[in-house]
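The values are calculated or read from the model by the stated rules, or taken from the named source; none is laboratory data. Computed from a predicted model, the values in this text were never measured in an experiment. Note that each Cβ is placed from the backbone with ideal geometry, even for glycine, and that neighbours are counted across all protein chains shown. The area values use the complete protein model at the heavy-atom level, side chains included, leaving out ligands, DNA and RNA. Shrake-Rupley method; radii C 1.70, N 1.55, O 1.52, S 1.80 Å.
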Amino acid sequence: MHLSIDHAAATPPYEQLRSQIADQARTGTLPAGLKLPTVRALAEQLGLAANTVARAYRELEADGVVETHGRRGTLVAAVGDTAHRLAAGAAAEFAERARRLGVTRDEALAAVSGALDLVYGPS
C-alpha cells in the first residue's frame, strides 16, 4: 500500500488519505479483504495524528470502502458492489425528496447535473 501526504496541500490530510485508499480499493490495488494498518501504525508511518487517520477510516467505513471487525482490524471491503448500492440509495433518496418538494423531473435532473459538474467537472 503506497500512501503519501502533502502537508503543504490545501486538501486536509484526512481527505488525502481517504481518497488515496478509496482510489486504490476501487482499482483493485488494495484487494478486498486486505487488512489495513492500525490507526496508530499508519499515523506513525505517515507522520499524522492518530485522530486524522481515524477520521479517514471512519469516512471510508461510512462509504462502504472498508469494514471494521473489532480485533480482526479494518479490512478493504468489496467496493464495487457496495459503492454502486450506496450511490443508487442516495439517488433514490434524492429523487423522493425532489418529488416531495414539488420539483419537476427536468428540474431535478438539472440539479443533479449541476452538482455532478461541481464535483467531477463539466461533461
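If a residue must be closer than 21 Å to A78 by Cβ and open to solvent by 50 Å² or more (accessible area, probe 1.4 Å), how many such residues does segment 1-26 contain?
Summing the residues that are closer than 21 Å to A78 by Cβ and open to solvent by 50 Å² or more (accessible area, probe 1.4 Å) in segment 1-26 gives 3.
Here's a check for you: in segment 47-61, which residue that is of a type outside the set (S, T, Y) and crowded, with 17+ Cβ neighbours inside 10 Å is farthest from E15 (Cα to Cα)?
Restricting to residues being of a type outside the set (S, T, Y) and crowded, with 17+ Cβ neighbours inside 10 Å, the top hit is L48.
Any idea which of L17, L75, L86 is farther than 21 Å from S4 by Cβ and modelled with pLDDT of 90 or more? Full working, then the answer.
Values: L17 fails: farther than 21 Å from S4 by Cβ; L86 fails: modelled with pLDDT of 90 or more.
When all the criteria are applied, what remains is L75.
Determine, yes or no, whether E67 is of a type in the set (D, E) and not in a helix (DSSP H, G or I). Full working, then the answer.
Working: of a type in the set (D, E): yes; not in a helix (DSSP H, G or I): yes.
Against the criterion (of a type in the set (D, E) and not in a helix (DSSP H, G or I)), E67 qualifies.
Check G64 against each of (1) open to solvent by less than 60 Å² (accessible area, probe 1.4 Å); (2) within 20 Å of T11 (Cβ to Cβ) and name the one condition it does not meet.
Looking at each condition in turn, G64 falls short on (2).
Name every residue in segment 19-39 that is more than 15 Å from T68 (Cα to Cα) and among the basic types (K, R), in order of residue number.
The one that is more than 15 Å from T68 (Cα to Cα) and among the basic types (K, R): R26.
Find the residue count for segment 27-46, including only residues that are polar (S, T, N, Q) and open to solvent by less than 60 Å² (accessible area, probe 1.4 Å).
0
For segment 103-113, which residues satisfy the criterion of being over 15 Å from A91 (Cβ atoms) and either within 20 Å of the chain's Cα centre (by Cα) or open to solvent by less than 60 Å² (accessible area, probe 1.4 Å) (or both)?
none
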